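These notes are about the structure you will find just below.
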Amino acid sequence: MAGNIKLLIVDDEVKFLDAIAERLKMRGFDVAKATDGYQALEIAKNEKFDLALLDLKMPGMDGKQVLAEIKTQHKFIEVIILTGHGSLESAVECTKLGAFSYLPKPYELDKLIDTLRSAYEARMRKKFAIDEARMAKIQQIATGQSALGILRSLRELDDDVK
């Protein structure tokens, strides 16, 4: 399953970033790397990701800010915070902002992979539920309207997704 998972990893510690990216690539994840929040958001604008793994403490834009921005711009992405500077307060804040999970550094690779897989499954369940509801609306639209009415309703439905 990991071969299908597109993962963005963001950490300002380049050696750590390279090491974790390599370990996850060896396990089949499709990994992109960013060394700061601004670079991460730029990469996320140009590519679609299933998951993001964010460091909490980074210069400039910290992990909470990146989390908030990513969740605003990308409806279905799941975000895991990985930090060596964790606290209960920051864990609660990140969860309120939409983080799927909050893990400490140093990390256990097996636990991280399990968390990434769980996040991916949650992402797919959410996307499936939305797609299923959308299909039900399309079926409802397709019955009982003129062709022009159907096209107008479909355009409105598409506008709701954006």
√(5λ) per eigenvalue of the Cα gyration tensor, region 80-132, largest first, Å: 24, 15, 5
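To the nearest 0.05, what FRET efficiency results for Lys25 and Ile130 with a Förster distance of 35 Å applied to their C-beta separation?
Values: r = 30 Å, r/R0 = 0.85.
Here the calculated transfer efficiency is 0.75.
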Long-range amide H partners of Leu103 with built H, under 5 Å: Ile81, Leu82, Thr83
Theoretical ellipticity at 222 nm over the chain - DSSP helices of four or more residues, -39500 (n - 2.57) apiece, nearest 500: -18500 deg cm²/dmol
FRET E, pair Lys96, Arg152, Förster distance 35 Å, beta-carbon r, rounded to 0.05: 0.40
Inter-centroid distance (Cα atoms) of region 140-159 relative to region 29-107, Å: 38
Cα pair count fraction exceeding 24 Å, expressed as % - region 2-128: 16
Size of charge dipole - region 2-128 - debye, nearest 20, with Cβ of Lys, Arg +1 and Asp, Glu -1, no other charges: 540
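Apply 1/(1 + (r/R0)^6) to the Cβ-Cβ distance of Ser118 and Glu89, taking R0 = 35 Å, and write down the FRET efficiency to the nearest 0.05.
Values: r = 24 Å, r/R0 = 0.68.
After rounding, the FRET efficiency stands at 0.90.
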Full-stretch length increase - Ala142, Tyr38 - with 0.36 nm per residue and alpha-carbon distance subtracted: 33.1 nm
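Computed from the coordinates by the stated procedures, all read-outs in this text should not be read as laboratory data. Keep in mind it's a predicted model, so treat the numbers as computed, not measured. Cβ sites come from the backbone with ideal geometry, for glycine too, and all protein chains shown count toward neighbours.
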